[in-house]
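Here is the structure we will look at.
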Number of protein chains: 2
Amino acid sequence: MSRMLTPEPLTQAAFAPFGDVIETEGAEARRINAGFATRFHDLTRIDVGREGGRPILSIFEARPRPTPLVVPLLERHPLGSQSFFPLESRAWLAVVAPDADGAPDLDAARCFRARGDQGLTYAPGAWHAPLLVTGAGPQRFLVVDRLGALADLSDNLEEAPLAGESVLTLAV
Amino acid sequence: MSRMLTPEPLTQAAFAPFGDVIETEGAEARRINAGFATRFHDLTRIDVGREGGRPILSIFEARPRPTPLVVPLLERHPLGSQSFFPLESRAWLAVVAPDADGAPDLDAARCFRARGDQGLTYAPGAWHAPLLVTGAGPQRFLVVDRLGALADLSDNLEEAPLAGESVLTLAV
């Protein structure tokens, strides 16, 4: 019997156990450029310095998945945070689960629906699904994460495949 | 007599003396998420660690300036890079100048027109104008820059006001 997750709104309070929401709402707003711009300042915790890591900036282009949307695996990055912000302003989905003795606790998994003007940061070690995009076409994300000793990033990746009874299906 | 700058296309080669262009074109493309996404990997040099600095992520919302567009000042950040990527996919303008003995060399100033799918990184110490947005409404940018000892960022800012003969006007 697989688990069915119903998306809930993405809010700082609800997402706090897994990381940060990146949004201007509630942020420190600084007037800069003689009033021609506002700086919404320091919106998330970038934590990528462990074991010689450094921040890198990439663009992920995600392609829509078929529905009903089945989460194929959860993954986590033990040595660094990973921040996502959508470049196409459309809603998107994030699935997370708390850790239980080194594996995701699927009974406590949650699905968040992010607005098109919301990004998020997965904290180091937070179990999460790969990018889950539905809809008409690709959606790009600006991503800030960690580069360490290994160019393929494999020193900072753990995967938990889901199959059979452990499958997560999204009610979207 | 003020200087008039004509925008030129933003390319990696032309912008190299001042920093990097952030774009997927020509980038290393990695297949991830079982083929459901492409990672355009490590698109710019984030250089924010000097003197105890750390990377922060912010959103700048820039409001349109009146035309003809007059550049009020150039600024630079000696201790850290500053990366911008537009969240509204519209063309935008960047003005830069090489340094000459601690001041911008205005005779060598250049104006670049970035496409809506191009960001850029100003290298540490590169003289540049504040965000220059024209058009119908505000344009937001995701920004990665440096936070050091001072919360107001004043330890990493030099400004060169432009007035009279030193004014830069853009042919837009």
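Here chain A exposes an accessible surface that is 53 percent carbon and sulfur, computed with a 1.4 Å probe and the other protein chains kept in place.
Note on B:D105 and A:A160: the model spin-label points, each 7 Å out from Cα along the C-beta direction, lie 5.7 nm apart. Centroid-to-centroid, using Cα positions, segment A:47-65 and segment B:25-75 are 13 Å apart.
In sequence order, segment B:17-28 has phi-based couplings of x, 10, x, 10, 8, 9, 7, 7, 4, x, 7, 5 Hz under the Karplus curve 6.51 cos²θ - 1.76 cosθ + 1.60, θ = phi - 60°, and Gly or Pro positions carry x. Using only side-chain charges placed at the Cβ, +1 for Lys and Arg and -1 for Asp and Glu, the dipole size of the protein assembly as shown relative to its Cα centre rounds to 900 debye.
Each label was represented as a point 7 Å from its Cα along the Cα-to-Cβ direction; for B:R63 and A:E8 these points are 3.8 nm apart. Backbone amide hydrogens, once placed in the peptide plane, bring A:L69 within less than 5 Å of A:L170, A:V172, excluding anything fewer than 5 places away on its chain. Sorted from nearest, the other copies put their B:D152 label points 5.0 nm away, the label point being 7 Å from Cα in the direction of Cβ.
The values are calculated or read from the model by the stated rules, or taken from the named source; none is laboratory data. What you see is a predicted model, and the numbers here were worked out from it, not measured in a lab. Here the Cβ is made from the backbone with ideal geometry for all residues, glycine too, and neighbour counts use every protein chain on show. Side chains are part of the model used for accessible areas, which takes the heavy atoms of the whole protein and leaves out ligands, DNA and RNA. Shrake-Rupley method; radii C 1.70, N 1.55, O 1.52, S 1.80 Å.
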